[in-house]
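The values are calculated or read from the model by the stated rules, or taken from the named source; none is laboratory data. Fair warning: this is a prediction, and the values are worked out from it, not measured in the lab. All Cβ positions, glycine included, derive from the backbone under ideal geometry; neighbour counts span all protein chains shown. The area values use the complete protein model at the heavy-atom level, side chains included, leaving out ligands, DNA and RNA. Shrake-Rupley method; radii C 1.70, N 1.55, O 1.52, S 1.80 Å.
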Amino acid sequence: MPDRRTVALVTLGCARNEVDSEELAGRLEADGWLLVDDAAEADVAVVNTCGFVEAAKKDSVDALLEANDLKGHGRTQAVVAVGCMAERYGKELADALPEADGVLGFDDYSDISDRLQTILSGGHHAPHLPRDRRKLLPLSPVERQAAATEVALPGHGAPEDLPEGVAPASGPRTLRKRLDDSPVASVKLASGCDRRCSFCAIPAFRGSFISRRPSDVLQEAQWLAGEGVREVVLVSENNTSYGKDLGDIRLLETLLTEIAAVDGVERVRVSYLQPAEMRPGLIDAMTGTADVVPYFDLSFQHSAPAVLRRMRRFGSTDQFLELLGTIRGKAPQAGARSNFIVGFPGETEEDFAELERFVTNAGLDAIGVFGYSDEDGTEAATYEDKLPEEVVADRLARLSRLAEEMTAQRAEQRIGTEIEVLVEFVDGDLVEGRAAHQAPETDGATTLLGLDDPEVGQFYRARVVASEGVDLVAEALEQVRVRRAPGAGA
C-alpha cells in the first residue's frame with residue numbers, strides 16, 4: 001500500500017459535476033494526496049453528489065451508503081459528501097445520513113485538503129446551514145465580476161501560486177487534474193442561473209449567473225488539447241446567457257471561433273441552451289464555424305403555452321418548431337435534443353396533446369422525459385392543482401414511448417448519410433464513438449465497421465448503414481483530422 005494519503009472521487013450527475021471533481025482532484029494532488037480510481041483503495045472516498053431531482057438524490061445517497069460499506073473491510077476510513085446535494089441540504093443531510101463522515105459545501109472546496117485531513121484524523125467539521133446563494137452576488141449582472149472573488153464558484157478559480165508539476169488549466173486561475181484519458185472533456189463557461197423556472201431549485205444552491213472570463217476558458221481549452229483532448233464541450237447552467245455580465249451578450253460567438261482555432265481541438269460542442277434566448281448570431285456561429293458542431297441542446301421542457309407560463313418560461317409548439325426549422329435551414333443534419341416534464345401541475349389533456357404534437361414534428365435526435373415531482377423550495381411545490389400520481393405515470397409512459405419512436409425514426413433517416421465519428425472505445429473488433437449530433441453519454445453512440453487498427457481519439461469519415469434506436473452503425477471510409485502531437489496547443 002502506498003504511504004501517501006489516498007483519495008477516490010466518485011462523481012454523479014452532469015458534466016458540470018465532472019469538471020468540479022477534476023478541480024477537487026487538482027487541489028488534492030497539489031497538496032500531496034494520491035488519487036486512486038477504486039474507492040476501496042482510498043483512505044477517503046469523496047462522493048460528488050447530484051441534487052437536481054429525486055432520482056438523482058437517491059442515486060447520491062446510494063453511492064454514499066455503498067462507499068460507507070467499504071469501511072472496516074479494507075483501506076477506506078472515511079466517506080465525504082460534496083457537490084450539489086451536499087451544498088443544497090448541508091446539516092440536514094448530515095443529520096439524516098450519519099454514514100457520511102463529512103458533508104462539505106462549495107465554500108469548503110478551497111480548503112478541501114484540510115477538511116479531508118481533519119475528518120481522516122477523527123476530527124469533526126461542522127456541516128453548513130444552507131443559504132440562498134443567489135443573494136451572494138449583486139442583483140445587477142454587470143456588478144458581479146468585481147464581487148466574484150469573494151464567493152466560492154467551483155470551476156472558476158484556485159490558488160494563485162500553483163505547485164511545481166501541477167497543470168494550470170486556466171493560466172494562474174484554475175487548478176484541474178484529469179481523472180481519465182478520454183479524448184473528450186467539458187469546460188465550464190459559467191456558473192449559476194438567473195432564470196426563475198417554477199420547478200427548478202438549481203439557482204438557489206448554484207447561485208446567480210456569472211461568466212468565466214474568455215481568456216480563462218480559452219487557456220483551459222489549450223491545456224486540455226495538450227492533454228490529448230480532441231473534443232471540448234462547453235457547459236454551464238445556461239450557455240446562452242454567457243457574457244451578459246461581461247458587457248457583451250454576443251461574447252460566445254467570438255469565443256467559439258477562438259476555441260475552434262486551438263491546435264489539437266477538432267470539435268467544439270455547446271450544451272445547455274435556452275430556446276427563449278437563442279439569437280440569430282449564435283445560430284449562425286454554431287452552424288457556420290469550422291469545427292463547431294451544429295448541435296443544439298435546447299431546454300424546451302414543454303410546448304403548451306399555458307404550461308410554459310406556469311413554469312415561468314416562454315414559447316409554444318409553433319415557435320419551437322420555427323426555431324428548429326431555422327437551424328435546419330442552415331444545417332440540415334444538425335443534431336437537436338431536449339428534456340420534457342410531463343404531469344406538471346395544471347397540465348390538461350389538451351396541453352399534453354400539444355406536447356405530443358411537438359415531439360411528433362420536432363425531429364429530435366435524443367429526448368429525456370421526466371414525470372413531475374415537487375422539489376423543495378420551488379414555486380411549483382406550492383401549486384395546489386397537482387395531478388394524481390397515476391395520471392403523471394401514464395403520461396410519462398405515453399410520452400416516453402412516443403419519444404423512443406420519434407428518435408428511432410430520426411436515427412433511421414440518417415442511414416445513407418456520411419458522418420464524422422470520434423472513436424472513444426475499442427475492445428477487440430468492437431469500435432464505438434460519436435458523430436457530431438451525439439453528445440457524450442446522453443445521445444446514443446455509433447459503432448464503426450471495417451477498421452483494422454483503430455485508436456481512441458481518432459476521427460473517421462463513415463457512411464451510416466443501419467440504426468438501432470438512437471444508435472447508429474456506420475462503415476468507416478477514411479481517417480480524417482489526423483492527430484497532432486500532444487502539447488501542440490499547450
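Worth a mention:
- Number of residues in the range 369-393 that are touching a residue at least 40 places away in the same chain (Cβ under 8 Å), closer than 23 Å to D297 by Cα and either surrounded by fewer than 16 Cβ atoms within 10 Å (Cβ to Cβ) or touching a Gly at 6+ places or on another chain (Cβ under 7 Å) (or both) equals 1.
- For first residues located in the range 45-68 and closer than 21 Å to Q117 by Cα, partners that are assigned to a helix (DSSP H, G or I) and among the hydroxyl-bearing types (S, T, Y) and lie 6+ apart or on another chain with Cβ distances below 7 Å form the pairs V47/S60; N48/S21; T49/S60.
- Test: E54 is buried (at least 21 other Cβ atoms within 10 Å of the Cβ) and closer than 22 Å to E237 by Cβ: no
- Once the range 221-245 is narrowed to residues that are in a helix (DSSP H, G or I) and in contact with a Pro (Cβ under 9 Å, 6 or more places away or on another chain), the residue that is surrounded by the fewest Cβ atoms within 10 Å (Cβ to Cβ) is G226.
- Matching residues, the range 441-455, being open to solvent by 60 Å² or more (accessible area, probe 1.4 Å) and within 25 Å of V292 (Cα to Cα): E441, T442, E455
- Every pair of residues 6+ apart whose Cβ atoms lie under 8 Å, when the first sits in the range 199-225 and is at negative phi while the second is surrounded by fewer than 20 Cβ atoms within 10 Å (Cβ to Cβ) and in a strand (DSSP E or B): S215/G171; D216/G171; Q219/P168; Q219/G171; W223/P168
- The lone criterion from (1) part of a loop (DSSP other than H, G, I, E, B); (2) more than 28 Å from G368 (Cα to Cα); (3) open to solvent by less than 30 Å² (accessible area, probe 1.4 Å) left unmet by Q438 is number (2).
- Within the range 264-321, the set of residues being more than 30 Å from G433 (Cα to Cα), open to solvent by 10 Å² or more (accessible area, probe 1.4 Å), assigned to a loop (DSSP other than H, G, I, E, B) and in contact with a helix residue (DSSP H, G or I) (Cβ under 6 Å, 6 or more places away or on another chain) comprises F314, G315, S316.
- Boolean, A366 is closer than 26 Å to F52 by Cα, buried (at least 21 other Cβ atoms within 10 Å of the Cβ) and either under 26 Å from the mean Cα position of the chain (by Cα) or in contact (Cβ under 8 Å) with a residue 40 or more places away in the chain (or both): yes
- Hits in the range 322-345 - residues which are among the small types (G, A, S) and either under 30 Å from V392 (Cα atoms) or crowded, with 20+ Cβ neighbours inside 10 Å (or both): A334, G335, A336, S338, G343
- E424 modelled with pLDDT of 95 or more, open to solvent by 50 Å² or more (accessible area, probe 1.4 Å), assigned to a strand (DSSP E or B) and touching a Gly at 6+ places or on another chain (Cβ under 7 Å): yes
- Tally of residues being over 14 Å from R5 (Cβ atoms) and in contact with a Lys or Arg (Cβ under 6 Å, 6 or more places away or on another chain) across the range 20-40: 3
- L218 vs. criteria under 15 Å from G155 (Cα atoms), surrounded by fewer than 24 Cβ atoms within 10 Å (Cβ to Cβ) and of a type in the set (A, V, I, L, M): yes
- In the range 118-136, residue nearest to V46 (Cα to Cα) [restricted to those that are surrounded by fewer than 18 Cβ atoms within 10 Å (Cβ to Cβ) and either of a type in the set (S, T, N, Q) or in contact with a helix residue (DSSP H, G or I) (Cβ under 6 Å, 6 or more places away or on another chain) (or both)]: T118
- Qualifying position, being free of Cβ contacts under 8 Å to residues at least 60 places away in the same chain, of a type outside the set (F, W, Y), assigned to a strand (DSSP E or B) and farther than 12 Å from V470 by Cα, among L402, L396, L448: L448
- Among the candidates E99, E66, E92, residue that is open to solvent by 10 Å² or more (accessible area, probe 1.4 Å), in contact with a strand residue (DSSP E or B) (Cβ under 7 Å, 6 or more places away or on another chain) and either assigned to a loop (DSSP other than H, G, I, E, B) or over 22 Å from I210 (Cβ atoms) (or both): E99
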